Structure formats: C-alpha cells, structure tokens
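*Asks:* My questions will all concern the structure given below.
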Amino acid sequence: MSIKHFLQFSDFTLDEFDHVIERARLIKQKFKNYEPYHPLVDRTLVMVFEKNSTRTRLSFEAGMHQLGGAAIYLNTRDSQLGRGEPVEDAAQVMSRMCDIIMVRTFGQDIIERFAGSSRVPVINGLTNEHHPCQVLADVFTYIEYRGSIKGRTVAWIGDANNMLYSWLQAAEVFDFHVNVSTPKGYEINPDLVTPGNGNYTFFANPSDACAGADLVTTDVWTSMGYEEENAARLKAFDGWIVDGEKMKRANADALFMHCLPAHRGEEVAAEVIDGPQSVVWDEAENRLHVQKALLEYLVLGRLAG
Ligand code: CP
Ligand code: NVA
C-alpha cells in the first residue's frame, strides 16, 4: 500500500481536506475547552529543519504533545545531514524509529527524495516551492471567519514564492480565484503551475489586483535561501506594499493575511497588519489546530475521533 504524504497542497483531495478541516474544528474546540485528547499516545514525530522557524516548530511540537505523542527536533547543524548523509539514508533510519516526519528544507526535490525512502508519512513544513501547511491554516481561517471559500477572490501581492504556489494549488482544489501581482523579474514560474490552471489572473498593477478581493495576502519579499538578493528585491518590490489604499480597493469585508514573520513598511503597512481587517494572529494559531488534524489523519487515517 502506498504511503500518504503531504508534500504539496495538491496531494490531498477536496474530500480529504473537508475531513481534515472538520477534525481541526473539533480538535480546536477540545483545546479551547481544556479537554484532553490523546489519539497519538506512544507515537513520535521527528521534525527536520534545514531552515529557521518559530511557528512551524512550535505548532508541530506543541501539537504532537497535545495529541499525547512526542516530537523530536533535528536540524542540519547538529544532525548528520549537515555532514553529507544522504537524505535517502536519513529517511530510512528516521522512518524505522518514528511514526511521522516533518521536513523543512530547500528544494522540493529534496523532500520528494526523502519521502521516496520513508516508510512513514512525510509532511512538508516549507520548501522553496511550497508551504502547504500554512495555506491549509489560511483556508481554515478564512472559512472560520467567512464560511466557504468556493467562488471567492484572493489577492496575492508580492513575490511568486512558496506561499503563492500553495495558494494556486488550493485555488484548484477549493475552486476559488487568485489575483496575482508580482513585480517584473519575479513572476510566476510556469513550471510550478499545473498546466491549464485557470484559477488565477495576473495584474501588472498591485492595486488593481486588490479590486473586489475577499482576502488580500502577501509575504516577505526575500524568502529564506534568497538572502543575497535582498537589496535588488527591495528595489524591485517598491510599490508592492499592502497599505490602506490597496485595502480600500478590496471588498469592504475583505480579510488580510500574512504567514509571518512580517516586515512592517516593506510588504505590509503597520496600519494593515495591525488593523481591523487583519487576522494574522488567528492564522498563526490555526497552524496548531490544522496540523494536529493533519497528524491525526496521516497517522491514524479516518479512524480517529
Ligand atoms: N509561517 C511560518 O511558517 O513561520 P515560521 O517560519 O516561523 O515557521
Ligand atoms: N516565503 C517565506 C515564508 C516564511 C514562513 C520563506 O520561505 O522564507
């Protein structure tokens, strides 16, 4: 039987997301009511980080503890991965000792090779190309605030990065539209978009991309791994800040999201991220709840509850 992984958003069907989202809602309720829920007793999650993290580490580690299991943190610096151990060998070993694995790394090819040698499910905790756990939390947050996301319009303002590619895949699964505005030289890589994906429209002007949006979202201009491009990016992205003027172009009840960490004055103005339309703290908290549902689903299938 093939192993179910979550390496990119398109790995799950709408039916699977509906299940995970419903479980996340119930698991969140239990958490808020201080109701113990331990379906993963004696199970172990190993988390492999090749890049920095606050939210991803914390939400997976706390989440696994709250489900009754244990979480182990490894990074490149002090594991043998940093000394050239092949990812295939690491995956063989880790998946003989643990029940589920989360990996944050550089290229998507690395996590795919890792999953190819793993006996247990592997979750993408961010690669250069995808950040599916974050977009799962974002979609969950949108649904909590506004109900179904089907038929809605999401405006993406900024870099064509891992977050955008996961949003584009989510748009296909959940049937919503993405208005994308990226500066010249930082456009979508067509190789990373499913052929025939008709769920997005490109706008040269970021303000126009916000018109009629139900959700406006952005992310850092320089993602992890691209630090040497920072000065050039600061110049190229001038004008792509999500500020009050752009939010005015969106629908009156539009939400603002940002996966964090944020740079006030660069990709987002303080008046927006700290303003009434921003749901960034719920978005961050929801990483915990959706990932607990994801861990439960990948380890136990639909048997839990
Ligand atoms: N949003 C997110 O993934 O945050 P971290 O980099 O802190 O994990
Ligand atoms: N696009 C950002 C997201 C950080 C959570 C990065 O890859 O650095």
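Coordinate-derived values only; no laboratory data. Because the structure is a prediction, the values reported are computed rather than measured. Cβ sites come from the backbone with ideal geometry, for glycine too, and all protein chains shown count toward neighbours.
*Asks:* Take the chain, connect every pair of alpha-carbon atoms lying under 10 Å apart with a spring to form a Gaussian network, then pick out the residue of VAL193, VAL180, VAL139 with the largest mean-square fluctuation.
*Replies:* VAL193
*Asks:* Related question: May I ask for the angle, rounded to the nearest 10°, between helix 280-300 and the longest principal axis of the chain, with both axes built from Cα atoms and the value confined to 0 to 90°?
*Replies:* The two axes meet at around 30 degrees.
*Asks:* Take the chain, connect every pair of alpha-carbon atoms lying under 10 Å apart with a spring to form a Gaussian network, then pick out the residue of LEU295, LEU192, LEU126 with the largest mean-square fluctuation.
*Replies:* Answer for the Gaussian network model of the chain: LEU192.
*Asks:* What FRET efficiency do you get for ILE3 and ARG264 if R0 is 30 Å and r is their Cβ-Cβ distance, rounded to the nearest 0.05?
*Replies:* 0.10
*Asks:* Shifting gears a bit: For segment 118-247, with only Lys/Arg (+1) and Asp/Glu (-1) charged at the beta-carbon, what is the dipole magnitude about the Cα centre, in debye rounded to 20?
*Replies:* Numbers: 8 positive and 17 negative charges, 58 e Å.
Using Cβ point charges on Lys, Arg, Asp and Glu, segment 118-247 gives about 280 debye.
*Asks:* How much of the pair distance distribution for segment 173-305 lies past 27 Å, counting alpha-carbon pairs only, in percent?
*Replies:* Result: 30 percent of Cα pairs exceed 27 Å.
*Asks:* Express in nm, to one decimal, how much length is gained between LEU300 and ASP15 on full extension, taking 0.36 nm for each residue of separation and deducting their alpha carbon distance.
*Replies:* 100.9 nm
*Asks:* Give LYS32/LYS246; LYS4/LYS150; LYS246/LYS292; LYS28/LYS248; LYS30/LYS246; LYS30/LYS150 a once-over and call out the pairs whose C-alpha atoms are over 30 Å from each other.
*Replies:* The pairs that break the limit, which is 30 Å between Cα atoms, are LYS32/LYS246; LYS246/LYS292; LYS28/LYS248; LYS30/LYS246.
*Asks:* Where nothing but the Cβ of Lys and Arg (+1) and of Asp and Glu (-1) is charged, how large is the charge dipole of the chain around its Cα centre, in debye to the nearest 20?
*Replies:* Once rounded to the nearest 20, the dipole reads 680 debye.
*Asks:* Springs between alpha-carbon pairs under 10 angstrom, Gaussian network model over the chain: which of VAL279, VAL93, VAL268 fluctuates most?
*Replies:* Result for the chain, Cα springs under 10 Å: VAL93 fluctuates most.
*Asks:* How large is the Kirkwood hydrodynamic radius of segment 71-198, in angstrom, based on all distinct alpha carbon pairs? Show your work: numbers first, answer last.
*Replies:* On the way: mean 1/r = 0.0609 Å⁻¹.
Final number for the Kirkwood radius of segment 71-198 is 16.4 Å.
*Asks:* With a point put 7 Å past each Cα toward its Cβ, work out how far ASN189 is from TYR226 in nm, to one decimal.
*Replies:* With each label placed 7 Å out from Cα toward Cβ, I get 1.0 nm.
*Asks:* In nm, to one decimal, how far is the modelled label at PHE106 from the one at ASP175, with both set 7 Å along Cα→Cβ?
*Replies:* If labels sit at PHE106 and ASP175, their model points lie 4.1 nm apart.
*Asks:* Please list, by residue number, every one of the GluC sites (Glu not before Pro) in segment 138-244 that is coil in DSSP and has at most 16 other beta-carbon atoms within 10 Å.
*Replies:* GLU187
*Asks:* Let me check against my output: what whole-number percent is the relative contact order of the chain, with C-alpha pairs under 8 Å and at least 6 apart?
*Replies:* For the chain, the relative contact order is 19 percent.
*Asks:* So what's the back-of-envelope 222 nm ellipticity for the chain, counting only DSSP H runs of four-plus at -39500 (n - 2.57) apiece and dividing by all residues, rounded to 500?
*Replies:* -12000 deg cm²/dmol
*Asks:* Taking the chain, how much of its Cα-Cα pair set, in percent, is spaced more than 35 angstrom apart?
*Replies:* Counting pairs separated by more than 35 Å, the tail of P(r) holds 17 percent.
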